[in-house]
1. Sort out which residues of the stretch 27-52 are within 16 Å of the chain's Cα centre (by Cα), over 19 Å from residue 118 (Cβ atoms) and without any contact (Cβ under 8 Å) to a residue 24 or more places away in the chain, and write them in order of number.
2. Which numbered condition in (1) at pLDDT below 95; (2) surrounded by 15 or more Cβ atoms within 10 Å (Cβ to Cβ) is the only one that residue 68 fails?
3. Residues in the stretch 83-100: is at least one closer than 16 Å to residue 4 by Cα, surrounded by 15 or more Cβ atoms within 10 Å (Cβ to Cβ) and without any contact (Cβ under 8 Å) to a residue 40 or more places away in the chain?
4. Taking residue 76 as the residue in question, decide whether it is touching a residue at least 40 places away in the same chain (Cβ under 8 Å), closer than 15 Å to residue 20 by Cα and either surrounded by 12 or more Cβ atoms within 10 Å (Cβ to Cβ) or out of contact with any helix residue (DSSP H, G or I) (no Cβ under 9 Å at 6 or more places or on another chain) (or both).
């Protein structure tokens with residue numbers, strides 16, 4: 001049975017996004033960026049950059065197609081899905097020698113007005129940068 005384990009959350013809620021999240025693929029994997037304004041401190045804007053390294057598969061669902069499972073514990077939070085049947089299917093489709101490079105992890109995050117992003121990758125990290133802070 002699959003279990004979800006929260007790993008980390010973005011520091012500001014996705015309901016405060018300045019614009020739609022940006023995502024792109026590059027040589028190191030998939031990068032998801034979210035820029036939010038702090039509703040309590042309007043002079044603070046923070047960009048969260050989530051990096052998925054060594055990606056094997058990606059699936060995204062628009063918000064209207066998400067089921068309660070996609071939101072559970074994953075609202076503004078990167079979770080790892082343990083005992084993932086998706087990873088099992090990917091491994092059965094892959095030549096064994098290609099799996100020798102390390103473990104695969106099934107990650108999930110849900111962002112408001114964006115939907116659910118699921119990624120099978122080797123690892124995930126987050127960086128949070130305050131872009132603007134006004135004077136007190």
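1. none
2. (2)
3. Within the stretch 83-100 (the criterion being closer than 16 Å to residue 4 by Cα, surrounded by 15 or more Cβ atoms within 10 Å (Cβ to Cβ) and without any contact (Cβ under 8 Å) to a residue 40 or more places away in the chain), the answer is yes, since at least one residue qualifies.
4. Yes: the conditions hold for residue 76.
The values are calculated or read from the model by the stated rules, or taken from the named source; none is laboratory data. These numbers come from a predicted model, not from an experiment. Every residue, glycine among them, receives a Cβ derived from its backbone with ideal geometry; neighbour counts consider all protein chains shown.
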